[in-house]
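A quick write-up on the structure given underneath.
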Amino acid sequence: MKLAVVNNCVPFVAGGAEHLAEALTQKLREYGHEAVLIRIPFRWEPPAKIIESMLACRLLRLPNVDRVVALKFPAYLVPHPEKMLWLLHQFRQAYDLWGTRFQGLPDTPEGRRIRDVIVEADNRFLRQVRKIYTNSQVTSDRLRRFNGIDSEVLLPPLADTSQFFCAGYGDYILYPGRITASKRQLLAVEAMRHVTTDVRLVIAGRHEAPADLAQIEAVIQQHRLARRVQVIPRFISEEEKAALLSRALACAYFPYDEDSYGYVTLEAYYSRKPVITCSDSGGVCMVVKDGVTGHVTPPDPQAVAAAMDRLYLDRAAARRMGEAGLELLRSLQIGWDRVIEALTQ
Amino acid sequence: MRIAWFTPYSRKSAIARFSAAVVRELARQETVDLWYPRTGDPLAAEVHNVSFRDASEVDSQKLAAYDLLVYNLGNHLPFHREIYEVSRRFPGLCVMHDFVMHHFFAAYYLEHLRRPQAYVAIMRRCAGARGASVAEEIVTGRRRPVWETDEVTRYALFEEAIRGAYGVVAHSEFFRRHVEAVSPVPCARLYLPYELMPVKSGFSRQELGIPDSKLLLITIGHVNPNKRVPSVLQALAANRDLLERIVYVVAGPCDPGRLAELESIISRLGLEGIVRLTGYVEEGPLQAYLRHADLCINLRFPAIEGASASLVEEMLHGKAVIVTDTGFYSELPSDCVMKIRPEHEQEDLTSALRRLVTDAGLREAIGSRAREFAEKHFRADQYAREFLKFAWEVRSARPLLELVDRVAGELKCMGVTKEMQIVDTVSRECEQLFCAGPEPWTGSG
Amino acid sequence: MKIIIATSNVPFVRGGAHLMADWLGQTLRAQGHQVEILELPFSSRWENLLEQMLAFRLIDLSQHGDLLIAIRPPSYLLRHPNKVLWFIHHLRGAYDLWGTRYQDLPSSPEGLRCREAIMRADNAAFAEARKIYCNSQVVADRLARFNRVQAEVLYPPLFQPERFRTGQTGDYLLCVSRLTHHKRQWLALEALRHTQTPVRLVMVGRPDPGEETYAMELSSLIQRYRLSDRVVLIDRWIPEEEKIRLLAECLAAVYLPLDEDSYGYASLEAHHAGKAVLTTADAGGTRELVLDGLNGMVAAPDPEAIATAMDRLYADRSMAQRMGEAGRQRIAELGISWDRVIEKLLS
């Protein structure tokens, strides 16, 4: 079967969805299919450009393709008789982000019309696809709630797991990933004020805005945590990340209300490390079972600190929970066998 | 070029005769298939033809084989309904035989489909809020239907008939201008061709009951109010000294109500014996009336047809015709017909009648110029030539029209409304990309 | 610099444009630039041309990158303030193939208008480009003739040409090309019938989508002409190393496309492997690379003339070798190099 994986792109910006799209294309080939990745530029500023991008997608043609797997708005609007979705993103600004400060679209007559068009297009064209998978229950719930459309959850696996390994359980909790307010590395730093053991914290990742980093450094300064908290504020290569994970005691990852579980959790488990997350972290809670594969705490510094200390004091439990994490992934069928089977059915 | 020519083809339809003549000429150069709604009495067809009972019977696959679909549309629902419905599914070139299409759509929505709200909707589409409110009043019985009054020309609704068409043929400059004002689609004005029916065993004047000593004045065709028969009667009554010289025959079908009305006017004005209302007349006697006529009266006000087949017929017979100076009639040279001003109807009618009844030479002169003009312009072969030229233009316009349609369809599916910026953006881009700039060099030589 | 390389393709068909984009991208990255390669899907069905062109037009890249390099049509429609074209061919059905059997637009009024619309759009896009380069003189001439545009020839080089090596001078002619009618593998077979020497022919290439029957026709021609023991047809994908080996050991390369836009990578590969190229007088851009008697042979496009050339190569291996060597020099002479390409595109 000739499959086209169709995704958006913003030139020179590669995010999580881009890596997944590439990984999917690669995996499809590994499993014996012909696959190609098609990336269609998407521009949403000024808002009128959204409609132009949508129309462009509707007017494009995909010859010589047996099936399309589309991932995001508006790339999923490209016409094809055999289209499936592995929905990572609708245009949330028109849906759950409308009415919040992340709305993005102006609340003017034209802005509202644009929102209506996005919704109308989704309602109509998403109903024409053969099957919709989504990357998380949250995405499925939104699709049902806002568009009345049913979908099946197909959890995204890691592209490559071979580079992760376990080299023992050290003395630091690792918080990898982009440093932003919504990822809440700050909460981890605050927790370090309350730990009673010698556990350390390592934060590794590029910051989005200078303010995000400045805030963290300020707290470290203010509470003299410099020897306990290490910040590596730059892009971390895959090798570096794997190495840091391999020697970590555990992984901390508690973003605010994330759609999906995030790759960090999977990477931790493939390194056999437990995960500390919070009860309001959204999709992450799906793959972290309190006391079994890690800890799910209320989002306050003392609770997080307690979890950190517990792990520090019981390395054997950390190991057990890390293994259990991997087992949980298997039981949730988070893997490429399941994905390829679903998309090539 | 492969053409599918959709037309009424019943013997009772003047458009059927028109189509037979035009298709015969077109078929000399191109492949033409006649498609017509099945009736009990079709004309004989000289080309390959397909009849259908219902628009749904028309097979899209079969139509795909044609380069051009042509739809002959007119105001009479029974003749044109199925054709109209096909044209909705498969856009093509519309040949418009009537300017006012209101009766057609009123009958279609109110009687055939019984969807009064759809009637209101099209009135809104064509005539805005005013149209919608008039329509509402009509369907709720609070207002006399516009199709029964002269007001109907303000709500012609021809726009509905040509919606989505790739091209429009109108038979008068008057109509063409109206189309141009509402639609960017190519529109051509062609002169309506007419062919004289072969003279059958002719009825003589005696057989028609016309004394040799009297001049025969005729008005032919369906007796609609806009033919101004009451006005003619009034003018006759005002010129009593002419009456002994003439017989006025009104030869055409008439609604019972109107018939009664006219009879009462005739009686009131003391015109019995002078004026004869024949009702529907068979082709034979009708042709005989035409042949024997000394003078034709062919008034129209307001103008609701695009052109007038009856006038063309009269001119081809070499008759002097009194016409109203409006619509299609205005476009004819003033020495080929006797024009009267609609706002001075009685005054000009009197003057025209007096001159033509008393001056045989004048009748002769006008009549022969009329025949000359008609024979030159109202020819089927001329029509076919110009039609094909226009068809080429229409087909050339199609790729861009289809692109715009395609894009509009997508935007509509997305719920885009016409005030949104994208609408301007797209039309500007299409214009700049595909239409603007210097003529491209096609590299010949 | 942030550079966007934009091109179009039919999904799963890897044409020259894909390689150009890919290799240009790699070369630019090696020089420290940030590169984004966009390969947008495009169908050549004439009924869908105008709407796809409009789609490309609606894709606005003007806020991204410092430079947009557009390769295959209609990627030159993409909007960008600093747009440079490395133009490889027109939508040929509307241009030089109009009036030939390859004219895909109908000659109806619709087709004529469509053709006109395409040309107008192209002209508008060309006017926006800061600079237009193209891959051959053939194409430059067409741009001048049809679009009144001056384009500078910038020959597309091979990537890492040091991959190619010279081996023995064998007894087979090698034809590496997509299997499609206008690449004229069938003509090579017709010619082989007329040869006097036992020269062999190896043909490598995969059929374009929809051309599977062409591959079968070739096989049946081989059968019919009883050439099975002299012809090898490899109509599947082979690894790069295999192709390099076949080239290294061949007598010479044979490349007989009809009116090709450019010289074709096959010819360039042959010369990098130190091999002569046998082509025809009507091969188009290949004639800019191959000069008869110097680095190859240019035969009249009929089977007998081609057969004669084939025999001459077989009979005189040292001539074949000399011509192959001259091929290397010819590349340098024409300035076919990535340094030159980058210097020009970024200037």
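Listing for the model above:
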| quantity | calculated |
| --- | --- |
| Residues of the stretch C:67-95 satisfying the condition of being of a type in the set (Val, Ile, Thr) and either outside any strand (DSSP E or B) or within 12 Å of chain B (Cβ to nearest Cβ) (or both) | C:71, C:88 |
| Boolean, residue A:56 is within 11 Å of chain C (Cβ to nearest Cβ), in a helix (DSSP H, G or I) and either surrounded by fewer than 19 Cβ atoms within 10 Å (Cβ to Cβ) or not polar (S, T, N, Q) (or both) | yes |
| Qualifying residue in the stretch A:250-257 (condition: crowded, with 22+ Cβ neighbours inside 10 Å and either among the basic types (Lys, Arg) or farther than 22 Å from residue A:165 by Cα (or both)) | yes |
| Matching strands (runs of 3 or more DSSP E) fully within the stretch C:123-221 where at least 1 residues are not assigned by TED's automatic domain parsing to the domain that holds residue C:30 | C:172-176, C:200-204 |
| Residue satisfying all of: in the stretch C:240-266; modelled with pLDDT under 95 and of a type in the set (Ser, Thr, Tyr); farthest from residue C:313 (Cα to Cα) among these | C:262 |
| Filter result for the condition that a residue is surrounded by fewer than 16 Cβ atoms within 10 Å (Cβ to Cβ), within 30 Å of residue A:34 (Cβ to Cβ) and charged (D, E, K, R), over A:337, A:300, A:314, A:290 | A:337 |
| Residue A:97 in a loop (DSSP other than H, G, I, E, B), within 14 Å of chain B (Cβ to nearest Cβ) and of a type in the set (A, V, I, L, M) | no |
| Count of residues meeting criterion [in a helix (DSSP H, G or I) and either of a type in the set (D, E, K, R) or crowded, with 20+ Cβ neighbours inside 10 Å (or both)] in the stretch B:227-265 | 11 |
| Unmet criterion (only one of (1) in contact (Cβ under 8 Å) with a residue 60 or more places away in the chain; (2) closer than 19 Å to residue B:189 by Cβ) for residue B:396 | (1) |
| Check on residue C:107, away from chain A (no Cβ under 13 Å) and more than 23 Å from residue A:61 (Cβ to Cβ) | yes |
| Which numbered condition residue C:21 fails, given (1) more than 7 Å from chain A (Cβ to nearest Cβ); (2) without any contact (Cβ under 8 Å) to a residue 12 or more places away in the chain | (2) |
| Helices (runs of 4 or more DSSP H) (entirely within the stretch B:267-331) containing at least 1 residues that are in contact with a helix residue (DSSP H, G or I) (Cβ under 9 Å, 6 or more places away or on another chain) and free of Cβ contacts under 8 Å to residues at least 40 places away in the same chain | B:309-316, B:327-330 |
| Residue list for the stretch C:72-107, restricted to those being of a type in the set (Phe, Trp, Tyr) and in contact with a Cys (Cβ under 9 Å, 6 or more places away or on another chain) | C:86, C:87 |
| Filter result for residue B:435 (outside the structural domain of residue B:248 (by TED's automatic domain parsing) and free of Cβ contacts under 8 Å to residues at least 12 places away in the same chain) | no |
| Residue that is nearest to the chain's Cα centre (by Cα), among those in the stretch B:397-445 that are within 14 Å of chain A (Cβ to nearest Cβ) and among the basic types (Lys, Arg) | B:406 |
| Residue B:426 crowded, with 20+ Cβ neighbours inside 10 Å, part of a helix (DSSP H, G or I), without any contact (Cβ under 8 Å) to a residue 60 or more places away in the chain and not assigned by TED's automatic domain parsing to the domain that holds residue B:316 | yes |
| Checklist (1) free of Cβ contacts under 8 Å to residues at least 12 places away in the same chain; (2) among the basic types (Lys, Arg); (3) touching a Gly at 6+ places or on another chain (Cβ under 7 Å); (4) assigned by TED's automatic domain parsing to the domain that holds residue C:298 applied to residue C:226, failing item | (3) |
| Single unsatisfied condition, residue A:51 versus (1) β-branched (Val, Ile, Thr); (2) assigned to a strand (DSSP E or B); (3) within 11 Å of chain C (Cβ to nearest Cβ) | (2) |
| Residues (surrounded by 24 or more Cβ atoms within 10 Å (Cβ to Cβ) and either hydroxyl-bearing (Ser, Thr, Tyr) or over 16 Å from residue B:293 (Cα atoms) (or both)) located in the stretch B:311-326 | B:324 |
| In the stretch C:27-44, residue farthest from residue B:435 (Cα to Cα) [restricted to those that are among the charged types (D, E, K, R) and more than 7 Å from every other protein chain (Cβ to nearest Cβ)] | C:29 |
| Qualifying residue in the stretch B:375-384 (condition: more than 14 Å from chain A (Cβ to nearest Cβ), over 30 Å from residue B:294 (Cα atoms), modelled with pLDDT of 95 or more and in a helix (DSSP H, G or I)) | yes |
| Hits in the stretch A:21-52 (condition: buried (at least 22 other Cβ atoms within 10 Å of the Cβ) and over 19 Å from residue C:75 (Cβ atoms)) | A:21, A:24, A:28, A:35, A:50, A:51 |
| Selection from the stretch A:143-168 of residues that are touching a Gly at 6+ places or on another chain (Cβ under 8 Å) and surrounded by 21 or more Cβ atoms within 10 Å (Cβ to Cβ) | A:157 |
| Meets criteria (facing another protein chain (nearest Cβ under 9 Å), of a type outside the set (S, T, N, Q), under 16 Å from residue A:38 (Cβ atoms) and in contact (Cβ under 8 Å) with a residue 60 or more places away in the chain) for residue A:68 | no |
| Members of the stretch C:45-66 that are more than 8 Å from every other protein chain (Cβ to nearest Cβ) and of a type outside the set (Phe, Trp, Tyr) | C:47, C:49, C:62, C:66 |
| Any chance residue B:340 is within 14 Å of chain A (Cβ to nearest Cβ) and surrounded by 17 or more Cβ atoms within 10 Å (Cβ to Cβ) | no |
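Every residue, every condition in (1) of a type outside the set (D, E, K, R); (2) under 16 Å from the mean Cα position of the chain (by Cα), yes or no:
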| site | (1), (2) |
| --- | --- |
| A:217 | no, no |
| A:220 | yes, no |
| A:226 | yes, no |
| A:253 | yes, yes |
| A:285 | yes, yes |
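Okay, residues lined up against (1) assigned to a helix (DSSP H, G or I); (2) at pLDDT below 95; (3) loosely packed, with under 14 Cβ neighbours inside 10 Å; (4) not hydrophobic (A, V, I, L, M, F, W, C):
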| site | (1), (2), (3), (4) |
| --- | --- |
| B:123 | yes, no, no, no |
| B:142 | no, yes, yes, yes |
| B:151 | yes, yes, no, yes |
| B:188 | no, no, no, no |
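The values are calculated or read from the model by the stated rules, or taken from the named source; none is laboratory data. Note that this is a predicted model, so its numbers are computed, not measured. All Cβ positions, glycine included, derive from the backbone under ideal geometry; neighbour counts span all protein chains shown.
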